[in-house]
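I have placed the structure first, in the form of structure tokens, so that the comments after it can refer back to it.
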Amino acid sequence: MKILLAKNAGYCFGVRDAVDMAYDTAKEHGDVYMLGHIVHNENVVNDLDKAGAKVVESLDKVPDGRPVLLRAHGTHVDVWKEAKQKNMNIVDATCPLVRDIHDEIKQLESDGRKIIIIGDHGHDEVVGIASQVKEPMIVATPDEAIRLRKTKRAGVVSQSTQTIENVQEIVNILMNKVVDLRFINTICFPTKRNQEQIKELSEKCDVMFVIGSFTSANSKRLTDLSKERNKRSYQVTCALDINEKWLEDCNVVGISAGASTPDNIIEEVLERIKEIGNVQEEEIYA
Ligand code: SF4
């Protein structure tokens with residue numbers, strides 16, 4: 001059996017930097033507080049907790065004088081304002097590519113355009129993007145786009161981890177609804193790269209594994225893209241989820257992982273598959 005590991009499987013640079021910042025701050029100050037999960041991965045959250053990086057629900061729960069880390073996927077403007085008003089010790093882990101989306105959407109609004117965000121309702125990143133402008137509309141699916149009213153001028157951005165297919169389909173519908181449409185493709189380059197890799201890899205392999213938490217939208221999207229091309233695609237959260245039967249009659253197995261999956265879990269899954277398939281080494285698929 002041969003194992004092909006997607007070259008960019010796992011943490012994107014935005015998440016990696018945020019996790020490193022959380023560990024560094026906890027080490028330096030003894031503890032650090034985060035509003036919600038820094039990464040959609042239970043194992044990472046538990047490890048961080050042990051290191052002193054604690055999850056809290058609101059700024060009120062942060063003990064006086066302790067550092068508060070604002071996450072990679074951005075934060076609602078009201079939370080930023082509150083933290084600044086309280087003169088809190090803010091550690092800003094916002095990914096620069098998310099900040100770019102905030103800048104773009106504000107620019108579109110100042111051009112007098114109606115704002116449309118293509119993204120998942122209620123997702124942290126989308127909530128943060130939406131908070132930058134006054135009355136944004138959030139569109140998650142082509143069906144929702146079809147139900148929109150016609151309008152003269154609109155500006156469109158997307159959540160960084162959307163699939164190109166979903167965004168394209170929605171933008172095509174909007175073209176018939178908006179006279180003057182300005183679309184800025186804000187899917188981030190690590191997402192584009194991972195999606196391209198999994199599309200190719202899933203067509204080359206007999207069996208595909210996507211490693212990632214079921215709470216991670218990004219891992220789910222990779223799994224969906226893989227399943228569309230390869231019926232023997234499985235999402236696993238760790239090595240224990242692997243069923244040996246899935247690897248029967250398999251010559252080539254492909255592996256990718258969501259942007260919130262840490263290296264050690266990828267390594268454990270790799271080791272387990274190597275053990276089952278009696279393989280010495282994996283090949284990197286670039
Ligand atoms: S998925 Fe993209 S935008 Fe989000 S943190 Fe990673 S690199 Fe940044």
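Please work out which residue is farthest from the ligand (Cβ to nearest atom), limiting yourself to the stretch 144-164 and to residues that are under 21 Å from R193 (Cα atoms) and free of Cβ contacts under 8 Å to residues at least 60 places away in the same chain.
Start the filter on the stretch 144-164 by keeping residues that are under 21 Å from R193 (Cα atoms), which leaves 157-164.
Restricting the remaining residues to those that are free of Cβ contacts under 8 Å to residues at least 60 places away in the same chain gives 157-159, 162, 164.
On the way: V157: 12, S158: 11, Q159: 9, Q162: 10, I164: 14 Å.
Only one residue fits best here, namely I164.
Is it fair to say K152 is under 30 Å from K81 (Cβ atoms), surrounded by fewer than 18 Cβ atoms within 10 Å (Cβ to Cβ) and not assigned by TED's automatic domain parsing to the domain that holds L225? Explain how you work it out, then say what you get.
Working: under 30 Å from K81 (Cβ atoms): no; surrounded by fewer than 18 Cβ atoms within 10 Å (Cβ to Cβ): yes; not assigned by TED's automatic domain parsing to the domain that holds L225: yes.
Here the answer is no, as K152 does not meet what is asked.
Has the stretch 203-213 got at least one residue that is within 16 Å of the ligand (Cβ to nearest atom), of a type outside the set (A, V, I, L, M) and closer than 18 Å to E109 by Cα?
Checked the stretch 203-213: no residue is within 16 Å of the ligand (Cβ to nearest atom), of a type outside the set (A, V, I, L, M) and closer than 18 Å to E109 by Cα.
Can you list residue pairs whose Cβ atoms sit under 9 Å apart, with the first residue in the stretch 15-31 being in a loop (DSSP other than H, G, I, E, B) and the second being of a type in the set (A, V, I, L, M, F, W, C)? Count only pairs 6 or more apart in sequence or on different chains.
If the second residue must be of a type in the set (A, V, I, L, M, F, W, C), the pairs left are D31/A53.
Which members of the stretch 32-44 meet the condition of being crowded, with 18+ Cβ neighbours inside 10 Å and part of a helix (DSSP H, G or I)?
Correct list: V44 only.
In the set D60, D47, which member is in a helix (DSSP H, G or I), under 22 Å from the mean Cα position of the chain (by Cα), of a type outside the set (S, T, Y) and over 20 Å from Q162 (Cβ atoms)? Reasoning before the result, please.
On the way: D60 fails: under 22 Å from the mean Cα position of the chain (by Cα).
Matching residue, one of D60, D47: D47.
Can you tell me which residue in the stretch 65-102 is nearest to the ligand (Cβ to nearest atom), limited to those that are surrounded by 15 or more Cβ atoms within 10 Å (Cβ to Cβ) and basic (K, R)?
Filtering first and then ranking leaves R71.
Of all residues being under 22 Å from the mean Cα position of the chain (by Cα) and without any contact (Cβ under 8 Å) to a residue 12 or more places away in the chain in the stretch 103-143, which is nearest to the ligand (Cβ to nearest atom)? Just the residue, please.
D103
At least 3 residues that are farther than 23 Å from M175 by Cα in each: list the helices (runs of 4 or more DSSP H) lying fully within the stretch 65-160 that qualify.
Details: elements: 77-85, 96-110, 124-130, 142-146.
Here the list reads 77-85, 96-110, 124-130.
The values are calculated or read from the model by the stated rules, or taken from the named source; none is laboratory data. Quantities reported herein were computed from a predicted structural model and do not represent experimental measurements. Glycine also receives a Cβ, built like all others from the backbone with ideal geometry; neighbour counts cover every protein chain displayed.
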